[in-house]
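Report on the structure given below.
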């Protein structure tokens with residue numbers, strides 16, 4: 001295990017990726033890692049081979065770029081590595097699948113300290129294990145900016161994938177995990193202020209905690225649709241509404257806002273409900289269930305699926321009305 | 001089908017990725033694409049689902065960065081897209097597997113013309129189809145430099161994966177595909193010279209042509225080891241030598257250097273054998289076979305597996321001697 005190197009900057013004397021070379025970086029990443037039995041061929045050959053016992057594999061990919069999706073002065077390399085895996089593992093959970101392997105590509109400048117790549121690799125491994133899986137393969141290349149691309153593989157364990165298109169009018173909307181915590185942490189990091197007492201939301205921004213097992217639980221319970229909240233609750237419910245041709249109506253009375261969020265909102269001077277409705281990157285799961293008896297204990301009901309009206313712009317509503325704030329995060333809005 | 005937009009630079013009036021947005025870029029990439037029957041869930045949900053009929057999946061990932069692995073002033077977006085898929089598909093072929101799906105992550109600056117992302121996506125789709133497969137999922141994010149990350153999935157069709165570790169003393173070394181063509185094309189692009197008459201090697205540098213089916217053929221024929229030539233013949237044979245604990249000896253008399261390479265070498269003023277031995281990026285396949293009767297027609301025998309001596313530095317030899325030139329391309333050497 002490598003100690004979390006913290007967020008301090010590089011010194012002139014520590015070894016860089018260019019000095020030790022690509023193969024050494026990979027060698028350090030895979031040393032002493034024990035692969036699970038589902039890894040038939042692990043790192044070191046042209047490709048990994050992973051068990052796909054039911055004859056199908058779920059697969060999803062996401063890219064994270066320094067300065068855009070993470071910052072080395074806000075998060076440690078271990079935290080960034082965990083986040084990269086978590087956001088991809090959440091996509092597998094959002095299909096109702098179990099994570100069965102991760103492949104990672106790391107692009108970094110030649111002068112990146114090996115301490116940073118070691119930390120990233122350690123964080124990725126730790127989160128892969130937290131998701132019940134392992135890093136089965138990867139690549140390291142030179143790049144002007146630090147960039148991490150992860151592909152997550154998943155095992156549906158014989159179940160049908162839970163799609164975005166299955167929500168039916170009358171279904172209950174429920175979520176598992178956290179909503180708004182990462183946005184609260186980001187707001188605190190962006191503000192020039194004292195952050196004492198807000199560690200929980202700051203940590204939540206640095207390392208999301210997706211409810212991996214809740215995805216499998218929802219699938220077992222017969223969830224009719226499922227997605228993960230990467231861009232914001234309203235935005236991601238919009239994807240279910242679009243795919244299912246329904247309206248998703250949130251009852252704000254059912255959103256129990258935790259003390260950590262209310263305290264952070266007071267400090268920043270905004271309405272915490274905005275974070276819950278529009279904050280992304282917590283990678284909660286949100287989906288729909290046929291009735292209350294079908295909703296597993298880990299899930300909280302927050303609304304109901306309704307008929308879609310004539311206006312597609314109102315396909316996601318809060319207490320029947322379109323929310324007036326921004327709906328979520330997109331990749332190419334101006335910064 | 002989108003026409004190849006060529007290598008000219010952007011105009012001020014054409015729409016950019018920031019103007020149309022991430023979802024429109026993805027929408028244009030997936031429009032009118034017909035997925036093969038092995039794609040159970042295609043693009044548009046949280047994850048793709050791909051058939052893995054024999055209960056295993058081969059998976060490999062690679063990242064390409066603008067200025068490092070490709071240049072928009074040397075290659076068209078379609079060519080770059082093809083190359084990104086080809087180099088990943090070759091890794092699947094190098095396991096003796098058939099490509100069964102590709103996932104792509106694209107990072108690009110906000111001012112990237114949609115013409116460029118359309119071209120990249122078109123090239124990736126064309127090459128995925130050439131490899132017998134399809135693009136099953138992806139991601140688009142903002143990044144200061146154009147970066148493409150591809151994960152290739154493969155179907156072993158019931159066969160054992162052909163590893164780097166299976167070469168035995170006495171086996172024959174053989175290759176399929178091209179050696180040195182991409183290096184020749186690169187040398188011509190780097191030189192300030194007339195390139196008339198050298199289109200074949202220039203094209204080979206822009207778009208490698210991996211012998212996808214030769215990988216499956218080698219596995220069916222009982223190849224004892226297999227890899228793809230991404231860094232250079234000597235360098236990649238070194239990986240087989242390391243994993244198998246043997247020496248790989250090339251007989252240069254058996255390397256029949258084609259006229260296109262000899263002509264380019266004369267123009268640049270170097271020995272074409274250097275390109276064949278050390279040039280990467282053609283994604284030929286190289287492997288070992290028990291005897292001549294086991295070598296499929298598409299493969300050319302170029303040497304023999306020998307006992308490893310005391311000196312690991314001589315684990316790959318040419319006519320019994322260590323080659324005096326550089327052995328291959330690495331990610332972090334100085335440019």
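The values are calculated or read from the model by the stated rules, or taken from the named source; none is laboratory data. Not measured: the values here are computed from a predicted model. Quick reminder, even Gly has a Cβ in these numbers, built from the backbone with ideal geometry, and neighbours come from all protein chains shown.
Here residue B:128 meets each of (1) surrounded by 24 or more Cβ atoms within 10 Å (Cβ to Cβ); (2) in contact (Cβ under 8 Å) with a residue 60 or more places away in the chain with one exception, condition (2).
Cβ separations smaller than 7 Å between residues 6+ apart or across chains give the following pairs from segment A:76-99 residues that are on the phi > 0 side of the Ramachandran plot and more than 8 Å from chain B (Cβ to nearest Cβ) to residues that are in a strand (DSSP E or B) and crowded, with 24+ Cβ neighbours inside 10 Å: A:96/A:226. Those helices (runs of 4 or more DSSP H) of segment A:1-103 in which 2 or more residues are at pLDDT below 95 occupy A:17-20, A:22-30.
Summed over segment B:185-211, residues that are within 30 Å of residue B:291 (Cα to Cα) and surrounded by 24 or more Cβ atoms within 10 Å (Cβ to Cβ) total 2. Taking the criterion of being facing chain A (nearest Cβ under 7 Å) and under 30 Å from residue A:142 (Cα atoms), the residues of segment B:23-66 that qualify are B:46, B:47, B:48, B:57, B:58, B:59, B:60, B:61, B:62, B:63, B:65.
Is there a residue being surrounded by fewer than 24 Cβ atoms within 10 Å (Cβ to Cβ) and assigned by TED's automatic domain parsing to the domain that holds residue B:146 anywhere in segment B:101-108? No, segment B:101-108 contains no residue that is surrounded by fewer than 24 Cβ atoms within 10 Å (Cβ to Cβ) and assigned by TED's automatic domain parsing to the domain that holds residue B:146.
Condition first: crowded, with 19+ Cβ neighbours inside 10 Å and either outside the structural domain of residue B:307 (by TED's automatic domain parsing) or closer than 15 Å to residue B:323 by Cα (or both). Can you find one or more residues in segment B:214-229 that meet it? Scanning segment B:214-229 turns up no residue that is crowded, with 19+ Cβ neighbours inside 10 Å and either outside the structural domain of residue B:307 (by TED's automatic domain parsing) or closer than 15 Å to residue B:323 by Cα (or both). If you go through segment A:133-163 and keep only what is assigned to a loop (DSSP other than H, G, I, E, B) and closer than 20 Å to residue A:80 by Cβ, you end up with A:133, A:134, A:143, A:144, A:145, A:146. For segment A:176-201, the set of residues classified as outside any loop (DSSP other than H, G, I, E, B), without any contact (Cβ under 8 Å) to a residue 24 or more places away in the chain and under 14 Å from residue A:269 (Cβ atoms) consists of A:190 only. Listed by position, the helices (runs of 4 or more DSSP H) contained in segment B:221-335 that have at least 1 residues being out of contact with any strand residue (DSSP E or B) (no Cβ under 7 Å at 6 or more places or on another chain) and within 14 Å of chain A (Cβ to nearest Cβ) are B:233-244.
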